[in-house]
Amino acid sequence: MTGVEQIAEYVIAGLLVFGGIFAVIGSFGLLKLPQMMQRLHAPTKAATLGVGSALIASMIYFLVFEGKISWHELLITLFLFLTAPITATFIAKAQMHRTLTKDDVPPTGVGTEWATFDPNVTSVDPYLLNDRDPV
Amino acid sequence: MILTYALDFAFLCFGLGLAMNLYRVFVAPGVTDRILALDTMVINVIALIVLYGMRTGSGINFEAALLFAMTGFVSTVAYCKFILRGDIIE
């Protein structure tokens, strides 16, 4: 076993242990934290970091021991890191919709209401709907 | 040698996380907790697929992991959309 492989082995092992611990922390926080909005934080941050760490470990493993660069892991990592905030926002909006009313949240301070509680808000601005390219 | 032990440890950790998420899917105070637990299950299963690919030394599983990530994201968003609006595609 060469020196590079020795170093890579330690790096991969460290990343795997790091990722595993973070995944357990994320899943345990989902069980243990007292409020729903707090429980939202544990899987979306800690578990995503854990799985990203495991994916990078796999990428280094295939680069060093199999001799081929595997871009799939980087794609999956990027995809997960991009979609985790969107998922968290959607779940937070669903939770607000189910449990809170307009009076429970602080004022936004920008002139419009919270979009979740505003009955007048539409998904698309009517101006944009009429703004078509000329045929 | 240390890599084998680290891989075993990672399998154990992600499996434990998956079991905790499964418990949360069945026993939860609200429906949003169940959605969140399902989303976390998808993340943990992706990690397990990738770890299995490392153990067997084959890269054939990564397409499955990528597809699983995409379907997991779309299903979570669709479920939240259904709770918010009572409909998925309006």
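A short reminder: the numbers here are calculations on the coordinates, not readings from a lab. Remember, predicted model here, so these are calculated numbers, not experimental data. All Cβ positions, even for glycine, are placed from backbone atoms using ideal geometry, and neighbour counts span all protein chains on display.
Highest GNM mean-square fluctuation among A:Leu100, A:Leu49, A:Leu30, for chain A modelled with Cα contacts below 10 Å: A:Leu100. A simple count of charges around B:Val25, restricted to other residues whose Cβ falls under 11 Å of its Cβ and scoring Lys, Arg +1 and Asp, Glu -1, yields 0.
When the Cα gyration tensor is reduced to axis lengths a ≥ b ≥ c, the ratio a/c is 1.5 or higher for chain B, and with a/b not above b/c it is classed as oblate. Compared with the dominant Cα axis of chain A, that is its longest principal axis, helix A:72-99 is turned about 30°.
To the nearest 10 degrees, how steeply does helix B:2-26 sit against the main Cα axis of chain B, on a 0 to 90 scale? The angle comes out at about 20 degrees. Quick one: plug the Kirkwood hydrodynamic radius of chain A (C-alpha pairs) into Stokes-Einstein at 4 °C, 1.567 mPa s, and report D in µm²/s. For the chosen part, D equals 70 µm²/s.
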